[in-house]
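A.B. asks: Here you go, one structure.
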Amino acid sequence: MDRDHAAFVKWVQKSIQGLPTAPLRRAMMVAYAAEVGDEALLRTHLDKLNSFAPDFIPSLLQGEKRIFPKDEHMNMLLDGLRKAGLGEG
């Protein structure tokens with residue numbers, strides 16, 4: 001996930017096409033977009049995610065949901081979401 005950006009984006013985009021309202025897929029794209037500095041991509045996926053699951057990212061950041069069993073993967077997601085400016089305040 002953290003080493004092959006092209007494969008990551010391709011996999012997540014295909015996943016979103018298959019199930020566009022799966023919140024984790026959108027959250028992963030938000031985190032990725034923040035990591036690479038793609039504001040348009042970030043905004044697209046964040047707006048879509050917020051349209052159907054507005055509490056998903058806050059629940060992740062507050063520790064209410066644990067998506068990945070490995071701490072390293074969970075931390076990568078959370079760090080990306082924080083870089084997107086989420087979880088502040």
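The values are calculated or read from the model by the stated rules, or taken from the named source; none is laboratory data. None of the values given here were measured: they were computed from a predicted structure. Positions of Cβ are generated from backbone atoms using ideal geometry, with glycine treated the same way; all protein chains shown enter the neighbour counts.
A.B. asks: Is there any pair linking a residue in segment 7-19 that is free of Cβ contacts under 8 Å to residues at least 12 places away in the same chain to one that is part of a helix (DSSP H, G or I) and crowded, with 16+ Cβ neighbours inside 10 Å, with Cβ under 6 Å and at least six apart or on different chains, and which?
C.D. replies: Between residues of segment 7-19 that are free of Cβ contacts under 8 Å to residues at least 12 places away in the same chain and residues that are part of a helix (DSSP H, G or I) and crowded, with 16+ Cβ neighbours inside 10 Å, the close pairs are 15/25.
A.B. asks: Kindly evaluate residue 48 against the criterion of being surrounded by 15 or more Cβ atoms within 10 Å (Cβ to Cβ), part of a helix (DSSP H, G or I) and among the basic types (Lys, Arg).
C.D. replies: Criteria met by residue 48.
A.B. asks: Let me ask you something else. How about segment 1-46: which of its residues are over 25 Å from residue 71 (Cβ atoms) and β-branched (Val, Ile, Thr)?
C.D. replies: 16, 21, 44 - these are the residues of segment 1-46 that are over 25 Å from residue 71 (Cβ atoms) and β-branched (Val, Ile, Thr).
A.B. asks: Could you identify the single residue in 1, 28 that is part of a helix (DSSP H, G or I), within 20 Å of residue 72 (Cβ to Cβ) and at pLDDT below 95?
C.D. replies: So the residue among 1, 28 that is part of a helix (DSSP H, G or I), within 20 Å of residue 72 (Cβ to Cβ) and at pLDDT below 95 is 28.
A.B. asks: How many of the residues making up segment 52-75 are among the small types (Gly, Ala, Ser) and in contact with a Ser or Thr (Cβ under 9 Å, 6 or more places away or on another chain)?
C.D. replies: Adding up the residues that qualify gives 1.
A.B. asks: Sticking with this structure for a sec: For the condition in contact (Cβ under 8 Å) with a residue 24 or more places away in the chain and either surrounded by fewer than 14 Cβ atoms within 10 Å (Cβ to Cβ) or not aliphatic (A, V, I, L, M) (or both), what is the one hit in 56, 68?
C.D. replies: 56
A.B. asks: Can you name the number of the only condition in (1) at pLDDT below 95; (2) surrounded by 11 or more Cβ atoms within 10 Å (Cβ to Cβ); (3) part of a helix (DSSP H, G or I) that residue 7 fails?
C.D. replies: Of (1) at pLDDT below 95; (2) surrounded by 11 or more Cβ atoms within 10 Å (Cβ to Cβ); (3) part of a helix (DSSP H, G or I), only one is false for residue 7: (2).
A.B. asks: Starting from residues that are part of a helix (DSSP H, G or I) and under 17 Å from residue 79 (Cα atoms), keep the ones in segment 31-40 and report whichever is nearest to the chain's Cα centre (by Cα).
C.D. replies: 31
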